[in-house]
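Notes to accompany the following structure.
The values are calculated or read from the model by the stated rules, or taken from the named source; none is laboratory data. All values derive from a computational prediction rather than experimental measurement. No Cβ is skipped: glycine too gets one built from the backbone with ideal geometry, and neighbour counts run over all protein chains shown. Side chains are part of the model used for accessible areas, which takes the heavy atoms of the whole protein and leaves out ligands, DNA and RNA. Shrake-Rupley method; radii C 1.70, N 1.55, O 1.52, S 1.80 Å.
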Amino acid sequence: MTKHLVLASDLSGLLPKLKEALGGRNGRMLHVPTAATGEGWTPDPADLAKLADEGFEIVSLELADVVDRLPVDALDGFDAVYVGGGNTFFLLRHMKRTGFFDLVRTAVASGMLYIGSSAGSVVATPDIGYAEKIDDRTLGDGEDAALGFVGFSILPHLDHESMGEAVRAQFDGWEGGQVFALTDGQAIVIDGQKIRVL
């Protein structure tokens, strides 16, 4: 399986490096703002505008508004998916409820570019249980098994004004295997078997 992933703390912090991180990829992009909905806020339109400037045609899909399961071809025709930040438990709950979870795993395995920001990065790991130090677990459904695109954990917002102290404490006391702690200006870029930090 060839993976193409960009996993960041905060996409706005990545914007100056975005062109390099995307490696010239563009096309149709599916934007999933569901994690933000779980916390009652709306993603910054400037982030989407920057992606559009890089040549992406953006289509948004709010999973919390999907009543039934998504059709099996819901991701057909998209070259990339961008899963934004917010509450990780709320996001995973609706990914699984709508069937998006299995669809995006299949799409990424087939070469689709996955961009995750904050919760969107955490849900790319094997298990999101550790996110309860920051996120409200009660917004989920009790399931923590996540996408598993990577075999390590990600702690976003290491230098964030309000969350940074809690993230630093969690990182300093970490005992759960390999973990990457990212500042809001960093991203993990995975292209096939190559992993680098921007």
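With a sphere of radius 11 Å drawn around the Cβ of Ser117, what net charge do the other residues whose Cβ falls strictly inside it have (Lys, Arg +1; Asp, Glu -1)? List each step's numbers first, then the result.
Details: positive: none; negative: Asp10, Asp44, Asp47, Asp184.
Neighbour charge sum, excluding Ser117 itself: -4.
With a 1.4 Å probe and all protein chains left in place, how much accessible area per residue does the chain have, in Å²?
Spelled out: the 1.4 Å probe surface of the chain, per residue, equals 45 Å².
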Low-density loop chymotrypsin sites (Phe, Trp or Tyr not before Pro), the stretch 18-95, at most 12 other Cβ within 10 Å, DSSP non-H/G/I/E/B, are Trp41
Scattering from the C-alpha atoms of the stretch 92-156 alone, worked out with Debye: what is log10 I(q)/I(0) at q = 0.18, 0.23, 0.25, 0.29 1/Å?
-0.63, -1.02, -1.19, -1.48
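Run through the stretch 114-198 and list the GluC sites (Glu not before Pro) located in a DSSP loop whose Cβ has at most 16 other Cβ atoms within 10 Å. Present the calculation step by step, with values, prior to reporting the outcome.
Numbers: sites: Glu132, Glu143, Glu161, Glu165, Glu175; in loops: Glu143, Glu161, Glu175.
Those satisfying the criteria are Glu143, Glu161, Glu175.
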FRET efficiency, 1/(1 + (r/R0)^6) with R0 41 Å, evaluated for Ala145 and Glu165 via beta carbons
0.90
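Taking Cα pairs under 8 Å and at least six residues apart, what relative contact order does the chain come out at, in percent? Please list the in-between numbers first.
On the way: 406 pairs, mean separation 59.2, N = 198.
RCO, the chain: 30 percent.
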Simple spin-label model, 7 Å along Cα-to-Cβ: Val66 to Arg97 in nm?
1.2
Using the Kirkwood radius over Cα pairs, work out the Stokes-Einstein diffusion coefficient for the chain at 20 °C and 1.002 mPa s, in µm²/s as a whole number.
130
Given a 1.4 Å probe and every protein chain left where it sits, what share in percent of the accessible area of the stretch 11-92 is carbon and sulfur?
51
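Quick check on the chain: helices-only [θ] at 222 nm, where DSSP H runs of length 4 and up contribute -39,500 (n - 2.57) each and the sum goes over total residues. Nearest 500, please.
Dividing the helical sum by the residues of the chain leaves -7500 deg cm²/dmol.
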Treating cross-link reach as a plain straight distance, find the lysines whose alpha-carbon is under 21 Å from the alpha-carbon of Lys17, omitting any fewer than eight places away in the same chain.
Lys3, Lys50, Lys194
